[in-house]
Each structure stands twice: as structure tokens, then as C-alpha cells.
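The structure appears right after this line, and notes come after that.
The values are calculated or read from the model by the stated rules, or taken from the named source; none is laboratory data. On a predicted model such as this, the values are computed, not experimentally measured, just so you know. With ideal geometry, Cβ positions are generated from the backbone for all residues, glycine too; neighbour counts draw on all protein chains shown.
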Amino acid sequence: MIHFVGAGSGAPDLITIRGKKYLEEADVVIYAGSLVNPQLLDYAKEGCEIYNSAKMTLEEVLDVMYAAEEKGLVTVRLHTGDPCLYGAIREQMDVLDEKQIAYDSCPGVSSFCGAASALNLEYTLPDVSQSVIITRMAGRTPVPEKESIESFASHHATMVVFLSTGMLEELSSRLIEGGYTADTPAAIVYKATWEDEKTAVCTVGTLAETARRENITKTALMIIGDVVTHSHYQRSELYNPAFTTEFRQASK
């Protein structure tokens, strides 16, 4: 069996109980070394084979999986955050399907959730934003044209931008071109939930300047929208005494 496991956003105690159990039982661990906190490997048992996929190709990762399967071993493929976001897991699973090798997926705490916790932030404030757009800038790997920053910005929903710390000047200009004003609240969160986590609240127009001042060049995500300053929102109707729910009658 191969377990695709979400390592969580960084802190080793933010992996799920299930994910930790899989790590403890694994005979082979292939972890995304460029982003996964290596402290998580302390959960692996003595004698477990450890591979850093940051130095491997897809084919090399699959070869390790094949070899483990032939020996009847348990493999954990440890991805950062939750594997379903920028995890490149589907290309692995498709090949495993072809080979009729069994696998499953264990969710994890994404860094966009870790970033919200670092700022004590709620992404979906009533009357401010009820949608979260998770995206990234096009760099060496493209983004579909229909998913441009400008098109997403036009919705004025909350935006979380991954994998774009080195392109903040361009990100700012494209956000403004799409409809955000330069003074729209924004935040940069570096290594959310890690020991060296760093947060900076700024505006769309000062993203690049803020990153330079804080010496943030990678491993960060950007949050865009009025939820960053958590102001001008309406209280939740769910807990409003004048609002009837399935479980509670409104008070007179």
C-alpha cells in the first residue's frame, strides 16, 4: 500500500492523527524535502528508508514505490500541506492505477489555513467575502489563460496566492489592473506555522516593498482582500438571537 499523506502546513504537531500513524508504520518515506518540515521524519520508525523527492524525478519516485511494492513494504508519499493543492499527485496516481498498485490519500492542513491561523483571520466574513480564490502567478510553469490574476481580481473575493513571492511587483500591477485598488488590504505570510513564521500586513500596492523590508524571498503566500483587516463585516446570522435555525428558535 502507498499512502499519500498531507504533512500539514509546517509545525510537526499539525499533521493529522491518521497521517502520523501512517508515518510511524511506514517502511519507506518519500518526502517533498523542499517544503516539508524535516522534523516530521522523527515520527518514522528505526530502519525506515527515507528519500527526498526534491532531488528526484517523477520516474525516480515511482521506481522507489515499485521496489517497495515488490517487497511488500508500506510507503508514505509525504507532501506539504494538503496533497490536493499543488501536490502533483494525480500524475503519480495515474501510473499507479495503470500498474494496479493500491494507494489512498490522507488530507492535511494546507498552508493557506496555517496562514489564516497566523493572522487570526477568517476568510469568509459576512458582507465582506464569502468566497476564497486559491491561485498562483504563471512563472516557469504556466497557468491557464482563463485563470488570469486580473480575471480573479475582478470578483473582489478573498484571494490566496501561492508560489509567487518572487513576482510581487507584477502581482500588484495585475491585481490593480483586475480591479483592486492599491490600498486594498493584503498580507504576506512566510512559512506559516513553522518556528520561524513571519507575517506582514500591508496593501496590494506595497506587497513588493513589504517583502523586501521583511527580507521575504520565497516560501510565503499572499492574502488579498478586505478580510485581512476584518472590518465592516456583519455578525453571523447563525448566532443571531433574532434568527431561527434548525436547532434554535428566534427569541422574541
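Of the residues making up segment 138-161, those that are part of a loop (DSSP other than H, G, I, E, B), over 19 Å from the mean Cα position of the chain (by Cα) and under 23 Å from Glu122 (Cα atoms) are Ser154, His155, His156. Here Ala68 qualifies as at pLDDT 95 or above, over 30 Å from Val227 (Cα atoms) and in a helix (DSSP H, G or I).
Yes or no: segment 197-215 includes at least one residue that is under 27 Å from Leu35 (Cα atoms) and assigned to a loop (DSSP other than H, G, I, E, B).
yes
Every test in (1) in a loop (DSSP other than H, G, I, E, B); (2) in contact (Cβ under 8 Å) with a residue 60 or more places away in the chain is passed by Phe112 save one, and that test is (1). What are the residues in segment 196-228 that are of a type in the set (Ser, Thr, Tyr) and modelled with pLDDT under 95, if any? Within segment 196-228, Thr217, Thr219 meet the criteria.
From the list Ile30, Ile15, the lone residue that is closer than 19 Å to Met56 by Cβ, touching a residue at least 12 places away in the same chain (Cβ under 8 Å) and touching a strand residue (DSSP E or B) at 6+ places or on another chain (Cβ under 6 Å) is Ile30.
Tallying residues that are within 20 Å of the chain's Cα centre (by Cα) and surrounded by 19 or more Cβ atoms within 10 Å (Cβ to Cβ) within segment 36-45 yields 3.
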